[in-house]
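Right, one structure below, let's go through it.
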Amino acid sequence: LSRPDSPKKYMEINRLYKDLDRRQKKVQPLLPLISKEGYQAKIKIIDYETKELHSRKLAAEHLSNDYFNQLEYAQQNNKKSIAREVYNNIYLLERYAPYDTEARYIKKQAFDIGVSNVAVIIENKIIPTSVIEQNLFKSRSPFWINLHINPPSFDQIDLVAKIHLKELIESPERIIESNFIETREIEGETYPVLDRKGNEIVDSTGAVLVETEIIIAEANVFKTVQQKSANLFANLEFFEPKSKAKLDNISLDSQSAFEHVFFQIQGDPRAVPQNILDQPNGAIPFPNKIDFFRLIAPTLESKITQAINHNDIRISSVDIIANN
């Protein structure tokens, strides 16, 4: 504890005072301690609570000053990772000063300095722009990133991501047809049991005996499967906004498969299992290029966002100012 003033020093002093106070409070109920020979132990009670409170304030004060110094350096030198580190460690200040508004202020400032503004430029000749705007980048961005889609300028932009939607290749429409026969024994009407003379037969209780007719139900089931798929190919480039230096180049592809199964029945539907009866009974339109883009968009967005996050971390990672 003889080292120069630092947050860690006063955090350790605070920990020691808490430990001493806890131990002393365990001993206090046992006082006075008197031996069998009548000797009374002399134990000095120290006000550790006041010392702990004072050390807690010193720890909070030094943490606060240290965070402000780191944020000043981060802002002056555009070192976003330092601001993010302060943000992630703000819980320490909140621990030592839980009701101090300064911690909330530092946390907000750390976020404002640490967040990256990323310009997303979309180059596209395959899908209407309105469709892209309606379906891409609708999910929440990564925590440390603000996305700006096709911004008018690169002022205040930290990273540029250029997306080139190259082509969307659709497979031919495919229809697979098959048919099979389903049969099932089902119960029909009931009839009284007659003797040779045509009289109804009764049992010992006088009840008329009956028999149930067994019917073989049969149906011809026609199964149709509609299939189609599409692949979207894109290229993703990252640039430094001021120097225009290329930072990364990534090829992306996303797929989507369409399949629709329906059944048509000729004959007695009672022969057909319920899971088939619950299926659709007619065709639906095959998806077109725009439909497929809507299906592919969430996967494509996830891949783009991951790449943006990776490049942002890479360009913002620097050594953190060490706490003494």
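Glu133: in a helix (DSSP H, G or I) and closer than 25 Å to Ser256 by Cα, yes or no?
On the way: in a helix (DSSP H, G or I): yes; closer than 25 Å to Ser256 by Cα: yes.
Here the answer is yes, as Glu133 does meet what is asked.
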field: Hits in the range 214-228 - residues which are in contact with a Phe, Trp or Tyr (Cβ under 6 Å, 6 or more places away or on another chain) and not basic (Lys, Arg)
entry: Val221, Thr224
message: Condition first: more than 27 Å from Asp66 (Cβ to Cβ) and acidic (Asp, Glu). Can you find one or more residues in the range 132-146 that meet it?
response: yes
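Which of the following residues is closer than 30 Å to Ile296 by Cα, modelled with pLDDT of 95 or more and surrounded by 13 or more Cβ atoms within 10 Å (Cβ to Cβ): Phe239, Phe263? Quick ask: steps written out before the conclusion?
Values: Phe239 fails: modelled with pLDDT of 95 or more.
So the residue among Phe239, Phe263 that is closer than 30 Å to Ile296 by Cα, modelled with pLDDT of 95 or more and surrounded by 13 or more Cβ atoms within 10 Å (Cβ to Cβ) is Phe263.
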- request: Quickly run through the range 109-130 and pick out the residues that are within 19 Å of Asp158 (Cα to Cα) and assigned to a helix (DSSP H, G or I).
  value: Gln109, Ala110, Phe111, Asp112, Ile113, Gly114
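Look at the range 79-97 and say how many of its residues are in contact (Cβ under 8 Å) with a residue 24 or more places away in the chain and either in contact with a strand residue (DSSP E or B) (Cβ under 7 Å, 6 or more places away or on another chain) or not aromatic (Phe, Trp, Tyr) (or both). Before you say what the answer is, go through the steps one by one.
As a first pass, look at the range 79-97 and keep what is in contact (Cβ under 8 Å) with a residue 24 or more places away in the chain: 79-87, 92-93, 96-97.
Within this subset, residues satisfying the condition of being either in contact with a strand residue (DSSP E or B) (Cβ under 7 Å, 6 or more places away or on another chain) or not aromatic (Phe, Trp, Tyr) (or both) are 79-86, 92-93, 97.
Number satisfying all stated conditions: 11.
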message: Looking only at the range 87-118, filter to residues that are over 25 Å from Lys9 (Cβ atoms) and touching a Lys or Arg at 6+ places or on another chain (Cβ under 9 Å); which one of those is surrounded by the fewest Cβ atoms within 10 Å (Cβ to Cβ)?
response: Phe111
Per-region count, the range 234-288, residues more than 25 Å from the chain's Cα centre (by Cα) and polar (S, T, N, Q): 9
statement: Given (1) touching a residue at least 12 places away in the same chain (Cβ under 8 Å); (2) surrounded by 13 or more Cβ atoms within 10 Å (Cβ to Cβ); (3) in a helix (DSSP H, G or I), Glu12 misses just (1)
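Anything in the range 150-168 that is surrounded by 14 or more Cβ atoms within 10 Å (Cβ to Cβ) and assigned to a strand (DSSP E or B)? List them, or say none. Even if it seems obvious, please write down each step before you answer.
Residues of the range 150-168 that are surrounded by 14 or more Cβ atoms within 10 Å (Cβ to Cβ), as a first pass: 151, 154, 157-166, 168.
Within the range 150-168, Leu159, Val160, Ala161, Lys162, Ile163, His164, Leu165, Lys166, Leu168 meet the criteria.
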statement: Given the conditions (1) at pLDDT below 90; (2) over 29 Å from Leu277 (Cβ atoms), every one holds for Glu170 apart from (1)
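Just to be sure before I move on: is Gln226 without any contact (Cβ under 8 Å) to a residue 60 or more places away in the chain and either over 30 Å from Ile157 (Cβ atoms) or touching a Gly at 6+ places or on another chain (Cβ under 6 Å) (or both) in the structure I sent? Walk me through how you get there before you give the answer.
Numbers: without any contact (Cβ under 8 Å) to a residue 60 or more places away in the chain: no; either over 30 Å from Ile157 (Cβ atoms) or touching a Gly at 6+ places or on another chain (Cβ under 6 Å) (or both): yes.
The answer is no for Gln226.
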query: Given (1) surrounded by 16 or more Cβ atoms within 10 Å (Cβ to Cβ); (2) of a type in the set (A, V, I, L, M); (3) outside any helix (DSSP H, G or I), where does Ile45 come up short, assuming only one miss?
result: (1)
- request: Sort out which residues of the range 80-124 are over 30 Å from Lys244 (Cβ atoms) and of a type in the set (A, V, I, L, M), and write them in order of number.
  value: Val86, Ile90, Leu92, Leu93, Ala97, Ala103, Ile106
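The values are calculated or read from the model by the stated rules, or taken from the named source; none is laboratory data. Predicted model, so just to flag it, every value in this text is computed and none were measured. Positions of Cβ are backbone-derived with ideal geometry, glycine not excepted, and every protein chain shown enters the neighbour counts.
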